[in-house]
Amino acid sequence: MGQGIGQGMGHRCGSARRRTGGGGRTRRRPPLPAAWLLRAALAGLVLGGCSGDGMTARQRELAAVDAFCADLGALRMDAGRLAALGPRSEGRAELRDLGADAAHDVSLVQRSARGIRRAGAGAVADAYEEVRRAVDALPGTVPGPEAVKRIRPQLAALDQAVAASQAAVKC
């Protein structure tokens with residue numbers, strides 16, 4: 001009594017041992033070739049999982065550049081939306097809303113630029129900051145086309161900073 005299932009009669013659960021005919025001795029049975037293959041496959045999975053996502057350093061670098069380029073593209077699109085405000089726009093209020101989208105894009109650009117040489121994310125962020133300041137300096141009653149006209153130099157500088165960054169990393 002007090003013994004678990006499979007332990008009372010000389011059996012040991014989960015072991016590769018088997019009972020020999022006499023004297024109570026046990027002998028280790030040689031592992032099967034299939035068991036060795038299974039062990040090797042499991043070891044490969046475990047060791048492969050330790051190295052991260054299985055990507056080489058070059059693949060990780062290319063993926064980072066691709067993400068950075070996508071973020072720069074999104075920023076450029078939102079800056080284009082800022083520049084394209086028409087006569088029916090709400091002026092400064094709409095510029096602020098679109099500026100918030102661009103600010104989010106700038107934060108993504110800065111995050112994805114980490115570890116990428118020559119990214120130029122600092123210049124992009126500085127150029128966006130100038131756009132934000134120009135929008136904040138607009139009077140509240142300025143119509144959309146007039147607002148765009150007033151911030152056009154800052155938008156052009158942002159576009160140039162994004163283009164330079166894209167060229168630097170070869171987007």
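For the range 121-167, a simple Cβ point-charge model (Lys and Arg +1, Asp and Glu -1, everything else neutral) yields a dipole of about 140 debye relative to the Cα centre.
For the range 88-169, the pair-distance distribution built from all alpha carbon pairs, in bins 5 Å wide starting at 0, is 3, 16, 25, 22, 15, 10, 6, 3, 1 percent.
Projecting label points 7 angstrom from Cα along Cα→Cβ for Glu146 and Arg60 puts them 5.4 nm apart.
Probing with 1.4 Å while keeping every protein chain in the model, the per residue accessible area of the range 105-171 equals 54 Å². Taking 25 Å as R0, compute the FRET efficiency from the Cβ-Cβ separation of Ala67 and Ala100 and round it to 0.05. Plugging the Cβ-Cβ distance into 1/(1 + (r/R0)^6) gives 0.70.
Across the protein chains, with a 1.4 Å probe defining accessible surface, the residues Thr56, Thr141 rank Thr141, Thr56 from largest area downward. Accessible area ranking (1.4 Å probe, heavy atoms, ligands and nucleic acids excluded), largest first, for Asp159, Asp66, Asp71: Asp66, Asp159, Asp71.
Other residues within the sphere of radius under 14 Å centred on the Cβ of Ala119, judged by their own Cβ, net out at +1 (K and R +1, D and E -1).
The values are calculated or read from the model by the stated rules, or taken from the named source; none is laboratory data. Note that the structure is predicted; figures quoted are calculated from it, not measured. As a convention, Cβ positions derive from the backbone with ideal geometry for all residues, glycine included, and neighbour counts pool all protein chains shown. Heavy atoms of the whole protein, side chains included, go into the accessibility calculation; ligands, DNA and RNA do not. Shrake-Rupley method; radii C 1.70, N 1.55, O 1.52, S 1.80 Å.
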